[in-house]
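Presented below is the structure to which this report refers.
The values are calculated or read from the model by the stated rules, or taken from the named source; none is laboratory data. As the structure is a prediction and not an experimental result, all values here were calculated from the model. Note that we place each Cβ from the backbone using ideal geometry, even for glycine, and neighbour counts take in every protein chain shown. Remember, those area values only see protein heavy atoms, side chains included, never the ligands or the DNA or RNA. Shrake-Rupley method; radii C 1.70, N 1.55, O 1.52, S 1.80 Å.
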Amino acid sequence: MIRLGTRGSALALAQARWVAERLEEEVELVTITTSGDRGAHDDKSRFVKELEESLLAGEIALAVHSAKDVPGELPAGLSIVGVPERADPHDVLCGAASLDVLPAGAVVGTASVRRQAQLLALRDDLVVRELRGNVDTRLGRLAAGDFDAIVLAGAGLERLGRAGEGEPLPALVPAPGQGCLALEARTDDQATAAAAARLTDRAALTALTAERALVTALGATCHTPIGAHAEGRGDRLALSAFVGLPDGSHWIRDELDADAADPAALGRAVAERLEAAGARELLEEAERAATDVR
């Protein structure tokens, strides 16, 4: 029996059930309320902290996270032990066929400073307003006319069986880890690690490793607009990255490919290139702006 910890949102439960169905062992789902579920917005670990505490306390053996919610540094004693096949990593636009058809002054909803920065870098005539809540809540506010369009993760819609409700936004660099699930366990629990490892998709793990290495090298937080997306191309791995200010006024994009055998090295190399172009200063300015707002 594996006690599998998850948040209680519809999306989190869908993800956990997907994992449970593929594990060979019998699974008991354990729903845990996190700081993020209670409304906290100022902590990168807000959607994983309580799950990790339950792991360390032995209350659950395995936790399933959206990989984009997992900070670059894990608590001592915990490891990511499984990364299943990746779902759609891209952002999607709901409410309009494309950004191009939105009129000047159109109101676009998102809770992500990364999405905000890239939207305004592409269209500084848009009005980007904060939109929080689960997928149904956000789509409900769109339907109610509170927004002209909203941006969501394609993976979330896909896992909820609503993949056709958004149009792809390939111009936006996704959040690091978007579309990936991260299975976390105690480092001393070899049996659970082995069970989770059987679900690991090599391509997803390779891409996630590169993206997380970039974020860790830059010291990014939940307040810093950063995108990273790695994609395999034969025996090569290409990593695209974006760093910018929330208002879209200044930004840096880069892409580099390297041998897929060392994805972490690729992530660090792109981070160095971004830093040389001024990324560290942009991230620090974005962090100061977020602190002033709080």
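Side notes on the structure shown:
- For the residues Gly109, Gly140, Gly145, Gly166, the requirement of being of a type outside the set (A, V, I, L, M) and closer than 30 Å to Leu266 by Cβ singles out Gly166.
- Checking each residue in segment 246-262 for being among the basic types (Lys, Arg) and open to solvent by less than 70 Å² (accessible area, probe 1.4 Å) picks out no residue at all.
- The single condition from (1) within 20 Å of Glu158 (Cα to Cα); (2) open to solvent by 30 Å² or more (accessible area, probe 1.4 Å); (3) within 16 Å of the chain's Cα centre (by Cα) that Gly95 fails is (3).
A quick yes/no check of all residues on (1) of a type in the set (D, E, K, R); (2) closer than 30 Å to Val19 by Cα; (3) in a helix (DSSP H, G or I); (4) at pLDDT 95 or above:
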{"site": "Gly105", "(1), (2), (3), (4)": "no, no, no, yes"}
{"site": "Val128", "(1), (2), (3), (4)": "no, no, no, yes"}
{"site": "Asp136", "(1), (2), (3), (4)": "yes, yes, yes, no"}
{"site": "Leu142", "(1), (2), (3), (4)": "no, no, yes, yes"}
{"site": "Asp146", "(1), (2), (3), (4)": "yes, no, no, yes"}
{"site": "Gly156", "(1), (2), (3), (4)": "no, yes, yes, no"}
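- Tally of residues being more than 17 Å from the chain's Cα centre (by Cα) and part of a helix (DSSP H, G or I) across segment 14-37: 6
- Enumerated strands (runs of 3 or more DSSP E) restricted to segment 164-258, each holding at least 1 residues that are among the β-branched types (Val, Ile, Thr) and in contact with a Ser or Thr (Cβ under 8 Å, 6 or more places away or on another chain): 236-244
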